[in-house]
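Data first, discussion second: the structure below is written as structure tokens.
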């Protein structure tokens, strides 16, 4: 009897781990927009995901033990993955991704935005939420890995920075311009 219970618990744990990894992969592939702007539909999808995978995780069991095993496996797996991502830049990039440039020099990078599931109206709304009234005032806007959109406005009378080969992001695509090594913002030396 104890062998059957142990095998059942191992089955619940393996199912839960498999679903956890599957959901991370799927959200990584299709979910960056969902992270950036959680709409009512996205909220429903998240609730349905939880409901859909619950039965598979616990093997149709509604027992307290199955729920505790599934919750424990999820929490421990998440902690282990987080620890591994802190130690491995490659794993972190694989799981989370990197920043993606959406606006550069006052222009929306339409193909990139569409690939992520953003319309031009979505990008303009995000800019307005950050207090930007005119697209021409935006030096660059970046969709961060956590779904936030950061905007850097250009100063009056200042030109747009260029994105060259040395300013490429390690993320999915070119990111915002970065100072060269040993230099701070706008080419000034870093302070000690």
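Relative to the present Cα-Cα distance, how much length would full extension add between residue 79 and residue 5 at 0.36 nm per residue of separation?
24.1 nm
Approximating the spin labels as points 7 Å out from Cα along Cα→Cβ, the residue 130-to-residue 24 distance works out to 2.8 nm. Start at zero, step by 5 Å, and the Cα-Cα distances of region 106-158 spread as 4, 20, 34, 25, 12, 4, 1 percent across the bins. Distance between the pseudo-spin-label points of residue 49 and residue 91 (7 Å out from Cα toward the beta carbon): 2.1 nm.
Taken together, the values in this text are just the output of simple stated rules run on the coordinates, not laboratory data. As the structure is a prediction and not an experimental result, all values here were calculated from the model. Cβ sites come from the backbone with ideal geometry, for glycine too, and all protein chains shown count toward neighbours.
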